[in-house]
Amino acid sequence: MKNNFKKEIGVSVVLVFLLLIALNPFHLLMPSMGQIVALAFTVAAFGMFASFILRESAEDEREGVHRMFAGRVAFLSGATVLIFGIVVQGLWAKIDAWLVAALVAMVVGKVAARLYTEKNL
């Protein structure tokens, strides 16, 4: 179990690093072809990270509670960042549709997963 956790942390670090490279705020890091390659690696790293999440299983109730707590913190962190982005952009009268779409997808996904698990599990 701990070996998977180390792999998950490693993939998470690589994913965050690639996302920071893809952000490229000062346009100093790479030309556009380099950005495309970095984005491809970012998608691949996210796929690996998602595979860890999908294969996760709790061996006892305590681990189940820890995973639920981690999921809640992750959801609330993402939603908070998106709400902050929407508010800031709203004050500038330029709300990006991707921020709204991401928040809607998170909320709908959360509700759909809750309904599915209550009905089928």
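Among MET106, MET68, the sequence by solvent-accessible area, most first, with a 1.4 Å probe is MET68, MET106.
How high is the FRET efficiency between MET33 and ASP96 when r is their beta carbon distance and R₀ equals 35 Å, given to the nearest 0.05?
0.85
Note on PHE75: accessible area is roughly 60 Å² with a 1.4 Å probe, heavy atoms of protein only. Taking the protein heavy atoms of the chain in the context of the full set of protein chains, the accessible area attributed to carbon and sulfur is 74 percent at 1.4 Å.
Matching the structure-derived Rg and Dmax of the Cα atoms in Å against the labelled list [x] 14.9, 53; [y] 17.5, 51; [z] 14.5, 45 gives the label [y]. Note that the chain presents 81 Å² accessible area per residue, ligands and nucleic acids not counted, probe 1.4 Å. Note on LYS7: lysines with a C-alpha under 28 Å away, same-chain residues under 8 apart excluded, are LYS110. A 1.4 Å probe over all protein chains sorts SER12, SER32, SER77 by accessible area into SER32, SER77, SER12, starting with the largest. Panel note: the C-alpha atoms of the stretch 64-121, placed on their principal axes, show extents of 45, 22, 11 Å (largest first).
The chain: longest stretch without exposed GluC sites (Glu not before Pro) (DSSP loop, at most 16 other Cβ within 10 Å), sites themselves excluded? Maximal segment without exposed cleavage sites: 60-121.
Taking the longest Cα principal axis of the chain as reference, the axis of helix 32-55 is set at about 10 degrees.
The values are calculated or read from the model by the stated rules, or taken from the named source; none is laboratory data. All values derive from a computational prediction rather than experimental measurement. Here the Cβ is made from the backbone with ideal geometry for all residues, glycine too, and neighbour counts use every protein chain on show. All accessible areas refer to the heavy atoms of the entire protein, side chains included, with ligands and DNA or RNA removed. Shrake-Rupley method; radii C 1.70, N 1.55, O 1.52, S 1.80 Å.
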